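Inspection log for the structure reproduced underneath, given as structure tokens.
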Amino acid sequence: MIAGCPGELESPGARIVSALEIDTLIRKIANRDRAALRALYGRFATGVFSLARRVLGDSTEAEAVLGDTFLHVWREAASFDPDRGSVGSWVMSIARSRSIDRLRARMGRGATREELLDLAGPVPAPDEEPATLSEAARARRALATLSDEQRQALLLAYFGGWRHAEIAITLGLPVAAAKGHIAGGLQALVAAFEKTGGGG
């Protein structure tokens with residue numbers, strides 16, 4: 001059950017619909033047709049979940065995005081404009097937006113650094129001797145010297161395995177800017193790491 005949505009959307013009775021029916025479904029949903037919402041869910045739930053899991057790397061959060069997406073569809077179906085794209089594109093853009101919001105919130109509270117790098121232990125004190133620091137602590141200290149944009153782009157590229165276009169979409173940047181943050185961040189990271197004694 002998705003909170004705020006009518007009915008049991010995960011019901012095995014949810015029917016897979018053809019492309020020809022989708023425009024009709026969204027109009028019915030705007031008129032509060034619960035069966036139409038279940039049918040639309042049956043058509044797009046797998047794609048929404050897969051997109052969210054790829055962005056977030058977490059099935060539980062992807063399930064939350066799935067619920068958020070169809071709750072938005074239920075509430076905002078009347079605002080759908082067919083002149084701006086297909087129903088499928090609209091649904092997937094909602095899912096991507098919800099996924100990015102969750103990813104940015106995670107980054108904003110600093111969790112992404114730990115999740116991607118798995119660098120255990122507290123950030124070393126500023127006056128701690130570099131020679132006494134572990135490799136992980138040196139990396140954490142070096143990462144802390146980067147700008148938020150450089151750090152996020154670098155982590156997603158080198159530790160998350162994301163492509164430049166995916167990073168650009170996620171961070172809301174042109175592809176060229178994302179590439180620049182990666183290159184600049186890498187240079188700054190190497191320089192900062194060498195200062196802490198990590199350069200050999």
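Which of the residues belonging to segment 49-86 are acidic (D, E) and assigned to a helix (DSSP H, G or I)? Across segment 49-86, the qualifying residues are E61, E63, D68, E76, D83.
What number of residues within segment 71-121 are modelled with pLDDT under 70 and of a type in the set (S, T, N, Q)? The total comes to 1.
Residue pairs whose Cβ atoms lie under 7 Å apart, separated by 6 or more positions or on different chains, with the first residue in segment 80-105 and in contact (Cβ under 8 Å) with a residue 24 or more places away in the chain and among the hydroxyl-bearing types (S, T, Y) and the second surrounded by 19 or more Cβ atoms within 10 Å (Cβ to Cβ) and part of a helix (DSSP H, G or I), are S99/L51; S99/A52; S99/V55; S99/L56; S99/V65.
The values are calculated or read from the model by the stated rules, or taken from the named source; none is laboratory data. Note that the structure is a prediction, hence the values are computed from the model and not measured. Please note: Cβ atoms are built from the backbone with ideal geometry, for glycine as well, and neighbour counts cover all protein chains shown.
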